[in-house]
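The values are calculated or read from the model by the stated rules, or taken from the named source; none is laboratory data. Every value quoted in this text rests on a predicted model; they were computed, and no experiment measured them. With ideal geometry, Cβ positions are generated from the backbone for all residues, glycine too; neighbour counts draw on all protein chains shown. Remember, those area values only see protein heavy atoms, side chains included, never the ligands or the DNA or RNA. Shrake-Rupley method; radii C 1.70, N 1.55, O 1.52, S 1.80 Å.
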Amino acid sequence: MTVVWINGAFGAGKTTTARELIELIPNSTLFDPEVIGAALGHLLPPKRLAEAGDFQDLPIWRRLVTDTAAAMLAELGGTLVVPMTLLRQEYRDEIFGGLAARRIAVRHVLLAPAETILRERIAAREVPEEADGEIRVRQWSYDRIEPYRAALASWLTADAHPVDTSALTPRETAVRIAEAVGNGEVGACDIVQTPEPTGETLAAGVLLFDEQDRVLLVDPTYKPGWEFPGGVVEPGEAPARAGMREVAEETGIRLDEVPALLVVDWESPAPPGYGGLRLLFDGGRLGAAQADRVLLPGPELRDWRFVSEDEAAALLPPVRYERLRWALRARERGAALYLEAGTPVG
């Protein structure tokens, strides 16, 4: 099962090209995630919708796009052609990572006309609304050219297979894409595959500190929010040893001693997650030379940084931040704590 994701700026012709493409790729189906955004407009309270600048900023949209794509492929098989602009790398990672977890390969294509051509196409685009609405839609598209430029400069061209559509019709563009997909020129995205849990899990994280007592956080590509180095404990594996293994795999740092336990936190089930026990260990302070040698092997992690407790509050999801906060208190007191959903008990 495969997804061909057609990315590009608003107005680049993604949907028109996708309609042509499904005629060229055998056993392919069109899935437009705009449908999910429109449905959420009817399903969510107006207050919640107003909190998001765009429906892509809603976690439920990203989750439903992933789940719907997987469900369609399970029902229909073959190839799913998805025309959708994704300009935030963390959203791309979350959706593509979710598909990878379901063993669905994603082939990422970027429609990349020259900016002058793109602006001409936006200006000529037919918008089936009243005059004021037409102006708003066009201005909305123009306003998103700058974020598109930023994505091109930072990650998009390195991630996706670009097709210069400046002089191509949608049909000609679709032919180029079909040929590139067919001959393997557009390969599957190199993104970590983390099978979704089917029950409660036991996970071990390790806190590592620099000489200023700032804690090391990593930014995983396969889920939103920053995290501590660590991961799921394998069957028959000691939790502390699992944390040491994950630290070595994720950062290249090998701990000589088994780290001390700081907190045991019970994470309650919150669909679609199953929850389970989350352990945090004290990996100790790294010397300057060690801290400078932090590596991020493979596609699993996007970034790392040492942060203060206050800085961590802006990066970690709330429950993870509470877990860190109490782990730091336990480290100061020299006594491990038991938590439930980030709150000390007993």
Legend entry - Candidates Gln89, Gln56, filtered to the one that is crowded, with 18+ Cβ neighbours inside 10 Å and within 14 Å of Asn7 (Cβ to Cβ): Gln56
Inset, instruction - Of the numbered conditions (1) over 27 Å from Asp310 (Cα atoms); (2) modelled with pLDDT of 95 or more, Pro197 fails exactly one; give the number of that condition. - result: (2)
Legend entry - Residues satisfying the stated conditions in region 92-105, i.e. closer than 13 Å to Val4 by Cα and open to solvent by 10 Å² or more (accessible area, probe 1.4 Å): Ala105
Inset, instruction - Provide a single number: the residues in region 217-243 that are open to solvent by 30 Å² or more (accessible area, probe 1.4 Å), out of contact with any helix residue (DSSP H, G or I) (no Cβ under 7 Å at 6 or more places or on another chain) and more than 22 Å from Asp190 (Cβ to Cβ). - result: 6
Inset, instruction - All but one of (1) farther than 24 Å from Ala238 by Cβ; (2) of a type in the set (Gly, Ala, Ser); (3) loosely packed, with under 13 Cβ neighbours inside 10 Å hold for Gly199, so report the exception by its number. - result: (1)
Legend entry - Condition check for Thr165: β-branched (Val, Ile, Thr), open to solvent by 50 Å² or more (accessible area, probe 1.4 Å) and in a loop (DSSP other than H, G, I, E, B): no
Inset, instruction - Among the candidates Glu172, Glu234, single out the residue that is out of contact with any Pro (no Cβ under 7 Å at 6 or more places or on another chain), on the phi < 0 side of the Ramachandran plot and outside any loop (DSSP other than H, G, I, E, B). - result: Glu172
